[in-house]
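Undergrad: My questions will all concern the structure given below.
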Amino acid sequence: MIYTVTFNPSLDYIVKVDSFRLGEVNRTRSEKILPGGKGINVSIVLKNLGIESVAMGFIAGFTGNEIQKRLKIFGCESDFIRIQNGMSRINVKLKSDEESEINGQGPRIGGADLQKLFDRIDRLREGDVLVLAGSIPNTLPEDIYEKILDRIKAKNILVVVDATRDLLLNVLKYHPFLIKPNNHELGELFGRKLQSDEEIIQCAKELQTKGARNILVSMAGEGAILVEESGRTHKSPAPKGVVRNSVGAGDSMVAGFLAGYLAHGDYQEAFRTGIAAGSASAFSEELASKEDILALMMQI
Ligand SMILES: Nc1ncnc2c1ncn2[C@@H]1O[C@H](COP(=O)(O)OP(=O)(O)OP(=O)(O)O)[C@@H](O)[C@H]1O
Ligand SMILES: O=P(O)(O)OC[C@@]1(O)O[C@H](CO)[C@@H](O)[C@@H]1O
């Protein structure tokens, strides 16, 4: 079974405003509420591709109920831990001449709640897949991803991590099967802006020396680069299309990569499916459907 963990799920409030003006009353052209959070997005796209997973993490309050309800409508199984106080966050995604986001803090997660997550993690079995994705609320210890991976290190579990900065760096020693920084996040890890493919590949290989197995570097409209565990590299431009909502494009890419790899055991196929899924989501109002993904795969 595939398990996704989202520490800080959200309702994504996606608003389109023509020529947004700061400090004034703006009226929306369209608005939409979607369940969000990186692991949750991975679960939704996997489901769209016909692959079952269980979405785990913490939810609270009426927003938490809504996240769970909407996931169920999408046909996704979930096993969230319900926190008694506070509420799951609402993340605002403002689409205007430029795209801006305001991501909330989320509820406070206490020690007893965390222990419930550890208990669920301890039930994972050989052959399972674990996706850890997204930021952690600031009430949690910075080494929480490490603590989780430490609990499963003796089991043969395929681990995918989509996180930034120290959260990502500190888990490399557990040899995650896949990490997916975007080019800016990769640069951030090395304290510089990466200008060329060569620099990106060099930094990705540096992360391999620290333990990562496969590194998928997404570059939005520029496509992606994959550095396989063998050291072989692949690069592909993104398919062309009209961008409607790129929220979750990276998570869709992770889902597509996993789906492709699990179906074919082949990195090139995983890479193609990943790019198609990322771009199909960017070209859709919601996350990518299977039909859209298959159609884009023809172009890659
Ligand atoms: N403007 C675009 N045009 C075509 N494809 C895109 C575009 N933006 C994203 N994609 C596709 O989605 C993939 C992932 O996008 P991106 O690099 O923006 O991920 P990300 O930064 O992790 O995104 P997010 O945090 O919003 O999920 C890209 O590699 C590409 O295949
Ligand atoms: O605050 P985090 O956890 O870094 O990111 C949360 C988030 O921006 O990521 C998803 C897109 O990748 C959205 O659904 C969600 O709102």
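Undergrad: Just to be sure I understand the rule: take each whole DSSP H helix in the chain, project its Cα atoms onto its long axis, keep it if the span is 20 Å or more and its mean Kyte-Doolittle hydropathy is at least 0.0. Which ones pass?
TA: Those that pass (Cα extent of 20 Å or more, hydropathy at least 0.0) are 249-264, 267-282.
Undergrad: Figure the gain on full extension for K210 and E146 (residue separation times 0.36 nm, minus the Cα-Cα span) and round it to one decimal in nm.
TA: 21.6 nm
Undergrad: I need the shape label for the chain. Rule: rounded when a/c is under 1.5, else prolate if a/b > b/c, else oblate, with a, b, c from the alpha carbon gyration tensor.
TA: rounded
Undergrad: Okay, moving on. Accessible area of the stretch 198-253 with a 1.4 Å probe: how many percent of it is carbon plus sulfur?
TA: Percent of accessible area from carbon and sulfur atoms in the stretch 198-253: 49.
Undergrad: Taking only protein heavy atoms and a 1.4 Å probe, what accessible area per residue, in Å², does the stretch 1-122 have with all protein chains in place?
TA: Computed with neighbouring chains in place, this is 49 Å² per residue.
Undergrad: At a probe size of 1.4 Å, how large is the accessible area of H175, to the nearest 10 Å²?
TA: Roughly 110 Å² of H175 is accessible to a 1.4 Å probe.
Undergrad: Hey, in the GNM for the chain with a 10 angstrom Cα cutoff, which one of A280, A263, A60 fluctuates hardest?
TA: Of the options given, A263 has the highest mean-square fluctuation.
Undergrad: Also, quick follow-up: Return the sequence-ordered ³J(HN,Hα) values of the stretch 172-185 in whole Hz as given by the Karplus equation 6.51 cos²θ - 1.76 cosθ + 1.60 applied to θ = phi - 60°, using x for Gly and Pro.
TA: Working through the residues one at a time gives 4, 5, 8, 6, x, 4, 9, 10, 9, x, 7, 4, 6, 5 Hz.
Undergrad: Shifting gears a bit: What is the Cα coordinate range of the stretch 47-123 on the first, second and third principal axes, sorted by size from largest, in whole angstrom?
TA: Sorted largest first, the three principal extents are 47, 34, 20 Å.
Undergrad: Report, in whole Å, the centroid distance computed from the Cα atoms of the stretch 149-177 and the stretch 196-239.
TA: 18 Å
Undergrad: Largest first, what is the accessible-area ranking of I33, I201 with a 1.4 Å probe?
TA: Ranked from most to least accessible, the order is I33, I201.
Undergrad: Take the Cα gyration tensor of the stretch 30-69, multiply each eigenvalue by 5, square-root it, and list the three semi-axes largest first, rounded to whole angstrom.
TA: Numbers: eigenvalues 71, 40, 12 Å².
Gyration-tensor ellipsoid for the stretch 30-69: 19, 14, 8 Å.
Undergrad: Still on this structure: How do K290, K153, K173, K95 rank by accessible surface area computed with a 1.4 Å probe, from largest to smallest?
TA: K153, K173, K290, K95
Undergrad: Given a 1.4 Å probe and every protein chain left where it sits, what share in percent of the accessible area of the stretch 114-192 is carbon and sulfur?
TA: Ligands and nucleic acids excluded, carbon and sulfur reach 45 percent.
The values are calculated or read from the model by the stated rules, or taken from the named source; none is laboratory data. Quick caveat: nothing in here was measured; it's all calculated off a predicted structure. Accessible surface is based on the protein model in full, side chains and every heavy atom, while ligands, DNA and RNA are left aside. Shrake-Rupley method; radii C 1.70, N 1.55, O 1.52, S 1.80 Å.
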